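Asks: Pasting in a structure now, in structure tokens, and then I'll have a few things to ask.
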Amino acid sequence: MRWTLSDITWSAFDPSAVDPALVEVVKTASLVEANSPDYVTYLKNVFPGDTGFHASVEQWGVEEAQHGAALGKWAELADPSFSFERALAAFKAGYGLDLDTDQSIRGSRLAELIARSVVESGTSSFYSAIRDATSEPVLKQVAHRIASDEFAHYQLFQKYLNTYEGSETLGRLKRLQVAISRVKEAEDEELAYAYYAANVLPAAPETPFDQAACTNAYYMRAFGLYQPQHIDNATRMILRAASFNPNSKGADLAVAGFWKLVQFKRGKLERAMAAA
Ligand SMILES: [Fe+2]
Ligand SMILES: [Fe+2]
């Protein structure tokens, strides 16, 4: 464990520096992070008999759960009406993974490790973006700690990716497809349901779940956090995970394209919200 909740200076919390839009994003992230035990079970099923990997994944799950606890605790400081425990219970009641599988939903173990690396690329950039966007000192500390954990997780899955390269093969195009499809899943049900359980249900328990509305509401807030360097890092980490040179001319083009895509999506959401 690189840190624990007692390493955070909670007493430095400054309510005047809290941005309400960011509170919604942090509440959502706290639930997704706290859902890690389900993924530990899944990953252990997909890599049967690899005791080294099982031990690493157990530790990884403990760290992800701690991310959830730290973000949840900050959200409770920022919004005293928020209960991390209650929101997490609502999230778990409405959303669960299908764990009854011993095959990776990505098609192979190499593909699974690429997909995990993509997720860690995304989270490490996301928490770096939060750290750089907020002036609230406690959230800055928490996001900084989490961002470095996420980078270490990326390196962990890259290490196992290298190990499994010896026993499995996967073409470059297929690798890129796995990475792109995992990036697209950033807009999937899990995040939308976490937004719903953290931000909609506590205030209006009768509101039915609307996946598109929740996804849009979440990204309206989240996209605004990113600066070019965060997208640059994420893109190059994803390219490396898919075995492409992260420092080539093509990578520069991918970085520029990804930044444009984020700006385009953000503009589209803002226009849609303004028209609503
Ligand atoms: Fe995490
Ligand atoms: Fe992580």
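Asks: Which length gain, in nm to one decimal place, applies between Ala93 and Arg266 when the Cα-Cα distance is subtracted from 0.36 nm times their residue separation?
Replies: 59.2 nm
Asks: Pick out, from Phe91, Pro205, Gln103, the residue whose Cα sits farthest towards the positive end of the charge dipole of the range 16-226, with +1 on the Cβ of Lys and Arg and -1 on the Cβ of Asp and Glu.
Replies: Gln103
Asks: Write down, largest first, the equivalent ellipsoid semi-axes of the range 138-276 in whole Å, where each equals the square root of 5 times an eigenvalue of the alpha-carbon gyration tensor. Could the numbers behind the result be given before it?
Replies: Values: eigenvalues 191, 70, 55 Å².
Whole-Å semi-axes of the equivalent ellipsoid: 31, 19, 17.
Asks: Rank Leu170, Gly52, Ala115 by how far each Cα sits towards the positive end of the charge dipole of the chain (+1 on Lys, Arg Cβ; -1 on Asp, Glu Cβ) and give me just the farthest.
Replies: Leu170
Asks: How many percent of the alpha carbon pairs in the chain exceed a separation of 30 Å? Write down the numbers at each step before the final one.
Replies: Values: 10957 of 37950 pairs.
Considering the chain, 29 percent of its Cα-Cα pairs are separated by more than 30 Å.
Asks: Once every Cα of the range 137-201 carries one equal point scatterer and solvent is ignored, give the base-10 log of I(q)/I(0) from the Debye formula at q = 0.22, 0.23, 0.29 Å⁻¹, two decimals.
Replies: These q points yield log10 I(q)/I(0) values of -1.07, -1.08, -1.09.
Asks: Enter the Cα centre distance for the pair the range 26-58 and the range 197-273, rounded to the nearest angstrom.
Replies: 23 Å
Asks: In 10 Å bins starting at 0, how do the alpha-carbon pair distances of the range 50-204 split up by percent?
Replies: 10, 32, 37, 17, 4, 0
Asks: Given a Förster distance of 22 angstrom, what is the FRET efficiency for Ser81 paired with His144, based on the Cβ-Cβ distance and rounded to 0.05?
Replies: On the way: r = 27 Å, r/R0 = 1.21.
After rounding to 0.05, the efficiency reads 0.25.
Asks: Let me ask something else about it. Calculate the dipole size of the range 16-81 relative to its Cα centre from +1 charges on Lys and Arg beta carbons and -1 charges on Asp and Glu beta carbons; express the result in debye to the nearest 20.
Replies: About 80 debye.
Asks: R0 = 41 Å: FRET efficiency of Ile180 with Gln59, Cβ-based, nearest 0.05?
Replies: Using R0 = 41 Å, I get an efficiency of 0.90.
Asks: Note down the nm distance, to one decimal, between modelled labels 7 Å out along Cα→Cβ at Ala275 and at Lys249.
Replies: For Ala275 paired with Lys249, the spin-label model returns 3.9 nm.
Asks: Related question: Taking only the alpha-carbon atoms of the range 1-135, what semi-axes of the equivalent ellipsoid follow from 5 times the gyration tensor eigenvalues under a square root, in whole Å, largest first?
Replies: 30, 16, 14
Asks: Using 0.36 nm times the number of residues separating Thr207 and Thr9, minus their current alpha carbon distance, what extension gain do you get? Spell out each step's value before the answer.
Replies: Values: separation 198, 0.36 × 198 = 71.28 nm, distance 3.67 nm.
Here the answer is 67.6 nm.
Asks: Additional query: Pull out the extension gain between Ala256 and Ala152, defined as 0.36 nm times the separation in residues minus the alpha carbon to alpha carbon distance; nm, one decimal.
Replies: 34.9 nm
Asks: Once you charge only the Cβ atoms, +1 for Lys and Arg and -1 for Asp and Glu, what is the size of the charge dipole of the range 126-276 about its Cα centre, to the nearest 20 debye? Walk me through the numbers on the way to the answer.
Replies: Working: 18 positive and 16 negative charges, 133 e Å.
With only Lys, Arg, Asp and Glu charged at Cβ, the dipole is about 640 debye.
Asks: Express the C-alpha Rg of the range 11-53 as a ratio against the empirical globular expectation 2.2 N^0.38 Å, rounded to two decimals.
Replies: 1.89
Asks: Could you tell me which of the pairs Lys27/Lys268; Lys27/Lys249; Lys27/Lys174; Lys174/Lys265 are separated by over 31 angstrom between their Cα atoms in the structure shown?
Replies: Numbers: Lys27/Lys268 24 Å; Lys27/Lys249 38 Å; Lys27/Lys174 35 Å; Lys174/Lys265 26 Å.
Too far apart for the 31 Å limit: Lys27/Lys249; Lys27/Lys174.
Asks: Computed on alpha carbon atoms, what radius of gyration and Dmax characterise the range 175-257, expressed in Å?
Replies: That works out to 16.2, 51 Å for Rg and Dmax.
Asks: Using the crude model of +1 on Lys and Arg Cβ and -1 on Asp and Glu Cβ, and no other charge, please compute the dipole size for the chain relative to its Cα centre, in debye to 20. Don't jump to the answer; show the numbers that get you there.
Replies: Values: 27 positive and 34 negative charges, 213 e Å.
Once rounded to the nearest 20, the dipole reads 1020 debye.
Coordinate-derived values only; no laboratory data. The structure displayed is predicted, hence computed values, not measured ones. As a convention, Cβ positions derive from the backbone with ideal geometry for all residues, glycine included, and neighbour counts pool all protein chains shown.
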